[in-house]
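Notes to accompany the following structure.
The values are calculated or read from the model by the stated rules, or taken from the named source; none is laboratory data. Note that this is a predicted model, so its numbers are computed, not measured. Cβ placement follows ideal geometry from the backbone for every residue including glycine, while neighbour counts extend to all protein chains displayed.
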Amino acid sequence: MSALCFNFGPNAGEASPALRKVGRRVGLAAIALGLGPATAQADALRPVAPSDICVTNGDLTPLPDGRIGVDTASARAVLTSVGPQAAEIRFTYFGQSARTKPLASGELRQQIGIKLRAADTCNLVYAMWRIAPDSRVAVSVKRNPGQSTHEQCGAHGYDNPRPTERGSPPQITPGSSHVLRAELSGSTLTVTADGALAWRGDLGARIAGLNGPVGLRTDNARFAFAYFAANAAGAPLRPCASAAGD
């Protein structure tokens, strides 16, 4: 599909019946976690407007409560401008997506995560909260110098650095709400799950020269979420381009 900088205005696409049901349920879950604007201000992150999101693969759907729904085998998106490398996803999980697609490894994994320094589909950092078949937070750096499209790099170039500190995030069950946050300070990446340390380590030379916006990724699962990022006011806009197969 073509890339999309979408909005939640009166002409926005109609949500599927499953996502409309999600929209009705997610409001209560969000209230239970206290996922309101005041929380975003307290931790120096701001809610990201839909107009600031470039959907490069899959579909994101506006929900009645102003959040974003996803019910697709894969979804990929980045912000339209490069800012500080800190982001947070506040999400409710509703089980496996209606359609599924195995990863290149053949594994049918359900997960949600944050992209950092996302130069393109071939060169970026992932901080992923895996839901099934295993449950953990995993970090990977994908580097393919000189390549920028999925056709060029495919699933090659992944490096899985070891953390210096690791925690065990809670199990994610259908209907539960959670918060995933990732922040790069220099080359040190810190990832928290529901406010507790899940992964911290030095990415070192792996990310040297790597520059791009933060973003998000989902695979084989249905979510309703809000995305928060550090303020990128005044940063130049990037073109919104599709990345088939990302």
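Hey, does the stretch 184-201 have a residue that's of a type in the set (A, V, I, L, M), at pLDDT below 95 and under 18 Å from the mean Cα position of the chain (by Cα)?
Scanning the stretch 184-201 turns up no residue that is of a type in the set (A, V, I, L, M), at pLDDT below 95 and under 18 Å from the mean Cα position of the chain (by Cα).
Look at the stretch 199-221 and say how many of its residues are buried (at least 22 other Cβ atoms within 10 Å of the Cβ) and either within 15 Å of Arg90 (Cβ to Cβ) or in contact with an Asp or Glu (Cβ under 6 Å, 6 or more places away or on another chain) (or both).
Adding up the residues that qualify gives 3.
In this structure, does Arg222 turn out to be over 19 Å from Gly58 (Cβ atoms) and assigned to a strand (DSSP E or B)? Lay out the reasoning, then the answer.
On the way: over 19 Å from Gly58 (Cβ atoms): no; assigned to a strand (DSSP E or B): yes.
Here the answer is no, as Arg222 does not meet what is asked.
Would you check if Pro174 is under 17 Å from Ala224 (Cα atoms) and more than 18 Å from the chain's Cα centre (by Cα)?
Working: under 17 Å from Ala224 (Cα atoms): yes; more than 18 Å from the chain's Cα centre (by Cα): yes.
Criteria met by Pro174.
What strands (runs of 3 or more DSSP E) lie completely within the stretch 135-215 and have 2 or more residues being of a type outside the set (Gly, Ala, Ser) and closer than 21 Å to Ser81 by Cα?
Details: elements: 136-142, 177-185, 188-193, 196-202.
By residue number, 136-142, 177-185.
Does Ala77 satisfy the criteria of being assigned to a strand (DSSP E or B), modelled with pLDDT of 95 or more, crowded, with 24+ Cβ neighbours inside 10 Å and of a type in the set (A, V, I, L, M, F, W, C)?
yes
Give me the pairs, please: first residue somewhere in the stretch 141-169 and over 26 Å from Ala193 (Cα atoms), second residue anywhere and among the β-branched types (Val, Ile, Thr), beta-carbon distance under 7 Å, and either six or more positions apart or on two chains.
Once the first residue is over 26 Å from Ala193 (Cα atoms) and sits in the stretch 141-169, its partners that are among the β-branched types (Val, Ile, Thr) give Thr149/Thr121; His150/Thr121.
Return the pair list, or none, for Cβ contacts closer than 7 Å from residues in the stretch 50-71 that are farther than 27 Å from Ala119 by Cβ to residues that are assigned to a helix (DSSP H, G or I) and not hydrophobic (A, V, I, L, M, F, W, C), at least 6 apart or on different chains.
Leu63/Gly23; Pro64/Gly23; Asp65/Gly23; Asp65/Gly27; Gly69/Gly23
Look through the stretch 86-105, keep the residues that are part of a loop (DSSP other than H, G, I, E, B), of a type in the set (A, V, I, L, M) and farther than 11 Å from Ala221 by Cα, and return whichever of them is modelled with the highest pLDDT.
The first filter runs over the stretch 86-105 and keeps only residues part of a loop (DSSP other than H, G, I, E, B), leaving 97-105.
Retained after the next criterion (residues that are of a type in the set (A, V, I, L, M)): 98, 103-104.
Narrowing further to those that are farther than 11 Å from Ala221 by Cα: 103-104.
Details: Leu103: 89, Ala104: 85.
Within the stretch 86-105, the match that is modelled with the highest pLDDT is Leu103.
So for the stretch 33-53 (the condition being modelled with pLDDT of 85 or more, closer than 18 Å to Gly175 by Cα and out of contact with any helix residue (DSSP H, G or I) (no Cβ under 9 Å at 6 or more places or on another chain)), does at least one residue qualify?
No, because not a single residue in the stretch 33-53 is modelled with pLDDT of 85 or more, closer than 18 Å to Gly175 by Cα and out of contact with any helix residue (DSSP H, G or I) (no Cβ under 9 Å at 6 or more places or on another chain).
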